[in-house]
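Accompanying notes for the structure given below.
The values are calculated or read from the model by the stated rules, or taken from the named source; none is laboratory data. It should be emphasised that the depicted structure is a prediction, and the values quoted were computed from it without experimental measurement. Don't worry about glycine lacking a Cβ; one is built from the backbone with ideal geometry, like all the others, and counts go over all protein chains shown.
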């Protein structure tokens, strides 16, 4: 059957059939190679949870392809969110969605940091533009969110608002300037005898873009 088909298609016996089979073999080889690379990235990203291991750089597109294969990309057009990465952390007890241009690092068992770097045009070196840090800490049952924030951030002006953030009631400060000159904003949740709080760090005075990013990120946190 195959020979009859190829004879009609190329009007020849040996060479036409051989060329066609070679083309199909090449296509199959390329397809399997692409699938293999994506699957390897899938395993690497799944095992490490980070985008740079032992100095080996993985391209952004490959990371996104692996995350997509894992079902770990999130889009919400109403909020202006596209291809954010979904990260679940059992120790913190929450799921976080974050922009795919932020770098994730675990700084301790109870702390994660998401940061964005930019080019410093004067020094030709990379500079820190934004950081989103989430931590867990034990807390006394009698301590309020307001007391916790005041003790942790003495430079805070005391202004805050309460509301549902990530489906849980929490306390949110406005943007305030820390003693080291970094602008910060904090959201605090009291969950039984533990506190989970997020610290947003703005390294530029014109930080409107990152304030909006922070607002979206805390709205997408899910506790479990």
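Matching residues to (1) loosely packed, with under 14 Cβ neighbours inside 10 Å; (2) at pLDDT below 90; (3) in contact with a strand residue (DSSP E or B) (Cβ under 7 Å, 6 or more places away or on another chain):
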residue	(1), (2), (3)
1	yes, yes, no
21	yes, yes, no
24	yes, yes, no
28	yes, yes, no
41	no, yes, no
66	no, yes, no
71	yes, yes, no
92	no, no, yes
103	no, no, yes
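Taking the condition modelled with pLDDT under 70 and surrounded by 14 or more Cβ atoms within 10 Å (Cβ to Cβ), does residue 34 pass?
no
Starting from residues that are surrounded by 14 or more Cβ atoms within 10 Å (Cβ to Cβ) and touching a helix residue (DSSP H, G or I) at 6+ places or on another chain (Cβ under 9 Å), keep the ones in segment 152-174 and report whichever is modelled with the lowest pLDDT.
The selected residue is 166.
Tell me, please, whether a residue that is out of contact with any strand residue (DSSP E or B) (no Cβ under 7 Å at 6 or more places or on another chain), in the same structural domain as residue 116 (by TED's automatic domain parsing), assigned to a strand (DSSP E or B) and under 21 Å from residue 94 (Cβ atoms) can be found in segment 192-203.
There is no residue in segment 192-203 that is out of contact with any strand residue (DSSP E or B) (no Cβ under 7 Å at 6 or more places or on another chain), in the same structural domain as residue 116 (by TED's automatic domain parsing), assigned to a strand (DSSP E or B) and under 21 Å from residue 94 (Cβ atoms).
All but one of (1) at pLDDT 90 or above; (2) closer than 22 Å to residue 203 by Cα hold for residue 83, so report the exception by its number.
(2)
Suppose the filter is free of Cβ contacts under 8 Å to residues at least 24 places away in the same chain, out of contact with any strand residue (DSSP E or B) (no Cβ under 8 Å at 6 or more places or on another chain) and within 30 Å of residue 62 (Cβ to Cβ); does residue 109 pass it?
So residue 109 fits the description; yes.
Quick check: anything in segment 114-134 touching a residue at least 12 places away in the same chain (Cβ under 8 Å), surrounded by fewer than 18 Cβ atoms within 10 Å (Cβ to Cβ) and part of a loop (DSSP other than H, G, I, E, B)?
Looking through segment 114-134, none of the residues is touching a residue at least 12 places away in the same chain (Cβ under 8 Å), surrounded by fewer than 18 Cβ atoms within 10 Å (Cβ to Cβ) and part of a loop (DSSP other than H, G, I, E, B).
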